[in-house]
Amino acid sequence: MSRWAKQIQMQCKIPAIGVASSNIVHYATGYVQKYQTGMPIRYVSVPFPFTGQPRTVDVGYVTGKDMLTGQPMMTAVANALTSPLTAEEKISGAAPEEAVEPRLLPPDSEENLRALFEDREWTDFNSIILPTEKRVTAMLKGTSHKPDEVITTINITGGARQLTVEKVAISAVMAGASPEHFPVILALATQAPFGNSTSSMANMVVISGPIRNKLKFNCGTNAMGPYNRSNAVVGRTFTLMSKTAGDLRNNVNAWETLGNTMQYNNQCYGENEEALPEGWDPLHVEMGFKPTDNVLSVGMGWSSIASVGASQSIYPTHYLMRDYMSSFCASGSAATIVIDPTVAGLLKDVHGFKTKAQLSEWFSQNVTKVNASYWGNGVIQSTAVPFALQGLEPYATWRKLPDDALIKPFTNPKAIHVVVAGGKVQTMWFVTDFGIRRGVSIDHWM
Amino acid sequence: MKPRLFPTVLLTALVLALTLSSRALPKTAQEAGSSAKSGQDAAGSAKETVPFPQVPRITAEEVERLAKDDGNVVFVDTDDPEAYAAEHIKGAVNVAYDPTVDAREQDQLLSALPGDKLIVFYCNCAHEEDSAPMVLEMWELGYDRAKVKALKGGLTRWEQLSYPLVGTDVDAAHEKGAK
């Protein structure tokens, strides 16, 4: 918002202010003070939420008081637009650089160091392994890449940070990983930081290829549960590197209103490639990799619905999956179906889905949703509405349909992924709204 | 009495290089910029290196024909909203290229683009500097590589060929012409 207001002031030569809701206004004003020196943007503030409210409530915000100054709203607006700059607002030039801490902390007791890590939010608040120089050096032996190699650059509030191999090694040590895990973790680092928004999203990490067996990733019984070291430490490292390198601190720049418990481990598991029905390719092979490649895929989403009980012949499994999928927002057509090998067998042998792609196509053609329900989702409002207003199909047509019309929101079958995992103990599955990005080579990071 | 532990702790990951250096481009963009620059240095001349050579380009002539034939083309203008409002290819949608925004937010917008059509990104720049990185991001999102391309020569080339444009500047020019 600061950017837009600044643009209006500079390009149109019109004084501008921002209207921020009370939940984020202090973030906005803090940001402006810190990073927008020389072009201060002023704000007024209204209560939150303003979406989903009766119109009378929103009108009340305008006729009520500004939550920053306590003045009547329009008086506050006029004052913000016309009053002279304060001494603080006249400060010009680049924002002062923040103090950079030394690469090594001074020696201290374990207790004090743990307290320091918690104070700075350099942890997920589960116990960590302190990243001593010796431990980090040992972790770095897990790759041929140099410690100062930059893996990715992460945009943070007011600047950017380079995520290096050494920094990732520190997070890997903290999470309890071994050097053998390090190439997997480096591949994961290319996707850092993890998805993080007020909408309280989470992530999914799928491991593919022979490395699953070599490092004993769990792909069978309890694949998605807390029963395996590799699944646990790799998944956890994603959180630690995202929180530290991504500078995610609660109520400072991490604003997930509910948060998401899946962020502790990021649903890290391996596909049970050995149990795939004939003709069903592993996830990474569907993405164009060779079966012998070691690949990691990251998804981002919010929701997961389980079959709960065993499959019943009265209602085919994929019908139930379809029904549950209609609850999802279908942002970007994204869905990931995680199914036990027994369910995969049923879908192939009983219901005739010879490939995963056929199943994805079937979902794309058969999942329907009430039009108003589609547009009633906030994420859809911020993504599909702009496209609809610019005439892009099918959004433009859907916007004109009656509220109770049925639409097929999963327009892109390639965004619907099917992953087989589990121990053949129950005909169990999860349908999720996780959108999986293209896989990343683990071999590259050996 | 228990001995106190004095572990020396590496803090690099946690210091996070707070220097507010370069408003960073995505890594790929940085690499492309750097290779373009070194290419110039090595040649010792002003010879330009095409950034993001791995991104397939499509000519204005070809895409205009495809759009006419079956309409199965989506144009995406990567300029800022003001420039888009002023002038864009008829039927184009706008997703501004801004390497400083949260990539995840931008991904949500990009992933709303249809997967069953040819998607052509274009910018108002000489060598697809802003449109090509968007193509790379679409690949990362899992879009079919053969169905996402950058318009060679961008808006300038489209305009040179007098292909249809819309926007406030275009309207104003028409009004002026009518008078």
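The values are calculated or read from the model by the stated rules, or taken from the named source; none is laboratory data. Since the model is a prediction, treat every value here as computed from it, not as a measurement. Don't worry about glycine lacking a Cβ; one is built from the backbone with ideal geometry, like all the others, and counts go over all protein chains shown.
Would you check which residues across segment A:372-396 are of a type in the set (A, V, I, L, M, F, W, C) and buried (at least 17 other Cβ atoms within 10 Å of the Cβ) and list them?
Quick first cut of segment A:372-396, residues of a type in the set (A, V, I, L, M, F, W, C) only: A:372, A:375, A:379-380, A:384-385, A:387-389, A:392, A:396.
Answer for segment A:372-396, where residues must be of a type in the set (A, V, I, L, M, F, W, C) and buried (at least 17 other Cβ atoms within 10 Å of the Cβ): A:375, A:379, A:380, A:384, A:387, A:388, A:392.
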Self-check item: Top-ranked residue of segment B:65-90 - restricted to ones that are farther than 15 Å from residue B:150 by Cβ, of a type outside the set (Lys, Arg) and touching a residue at least 40 places away in the same chain (Cβ under 8 Å), ranked as surrounded by the most Cβ atoms within 10 Å (Cβ to Cβ)
Solution: B:88
Exercise. Only residues that are buried (at least 22 other Cβ atoms within 10 Å of the Cβ) and either among the aliphatic types (A, V, I, L, M) or within 8 Å of another protein chain (Cβ to nearest Cβ) (or both): list them for segment A:166-182, please.
Key: A:167, A:168, A:169, A:170, A:171, A:172, A:173, A:174, A:175, A:177
Quiz item: Out of all the residues in segment A:119-135, which are within 7 Å of another protein chain (Cβ to nearest Cβ), more than 27 Å from the chain's Cα centre (by Cα) and not hydroxyl-bearing (Ser, Thr, Tyr)?
Solution: A:133
Quiz item: Which members of segment B:60-88 meet the condition of being part of a loop (DSSP other than H, G, I, E, B), within 13 Å of chain A (Cβ to nearest Cβ) and touching a helix residue (DSSP H, G or I) at 6+ places or on another chain (Cβ under 9 Å)?
Solution: B:72, B:80
Quiz prompt | Residue selected from segment B:92-140 under the condition of a type in the set (D, E, K, R) and more than 22 Å from residue A:160 (Cα to Cα), by the criterion surrounded by the fewest Cβ atoms within 10 Å (Cβ to Cβ) | solution = B:116
Quiz item: Pick from segment A:352-391 the residues that are charged (D, E, K, R) and assigned to a helix (DSSP H, G or I): which of them is nearest to the other protein chains (Cβ to nearest Cβ)?
Solution: A:361
Self-check item: Tally, over segment A:219-260, of residues that are within 17 Å of the chain's Cα centre (by Cα), farther than 25 Å from residue A:170 by Cβ and more than 14 Å from chain B (Cβ to nearest Cβ)
Solution: 2
Quiz item: Where in segment A:262-331 are the strands (runs of 3 or more DSSP E), entirely inside, with at least 2 residues that are within 19 Å of residue A:414 (Cβ to Cβ)?
Solution: A:295-301
Quiz item: Restricting attention to segment A:192-210, which residues are surrounded by fewer than 24 Cβ atoms within 10 Å (Cβ to Cβ) and either at pLDDT 95 or above or part of a strand (DSSP E or B) (or both)?
Solution: A:210
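Take residue B:134 and tell me if it is within 14 Å of another protein chain (Cβ to nearest Cβ) and either under 30 Å from residue A:364 (Cα atoms) or in a helix (DSSP H, G or I) (or both).
Details: within 14 Å of another protein chain (Cβ to nearest Cβ): no; either under 30 Å from residue A:364 (Cα atoms) or in a helix (DSSP H, G or I) (or both): yes.
Spelling it out, it is not the case that residue B:134 is within 14 Å of another protein chain (Cβ to nearest Cβ) and either under 30 Å from residue A:364 (Cα atoms) or in a helix (DSSP H, G or I) (or both).
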Quiz item: Which of the residues spanning segment A:392-402 are part of a helix (DSSP H, G or I) and without any contact (Cβ under 8 Å) to a residue 24 or more places away in the chain?
Solution: A:395, A:396, A:397, A:400
Exercise. Give the number of residues within segment A:257-275 that are in contact (Cβ under 8 Å) with a residue 60 or more places away in the chain and crowded, with 19+ Cβ neighbours inside 10 Å.
Key: 11
Exercise. Collect the residues in segment A:218-232 that are closer than 17 Å to residue A:188 by Cα and surrounded by 24 or more Cβ atoms within 10 Å (Cβ to Cβ), keeping them in residue-number order.
Key: A:231
Practice problem: For residue A:160, work out the one condition from (1) more than 9 Å from chain B (Cβ to nearest Cβ); (2) without any contact (Cβ under 8 Å) to a residue 24 or more places away in the chain it doesn't fulfil. | Solution: (1)
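Closer than 17 Å to residue A:179 by Cβ, at the interface with another protein chain (Cβ under 10 Å from one of its Cβ atoms) and modelled with pLDDT of 95 or more: does that describe residue A:143? Please lay out each step first, then the result.
Numbers: closer than 17 Å to residue A:179 by Cβ: yes; at the interface with another protein chain (Cβ under 10 Å from one of its Cβ atoms): no; modelled with pLDDT of 95 or more: yes.
No; evaluated as a whole, the condition is false for this residue.
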Quiz item: Mind checking which residues of segment B:89-102 are facing chain A (nearest Cβ under 7 Å) and modelled with pLDDT under 85?
Solution: B:100, B:102
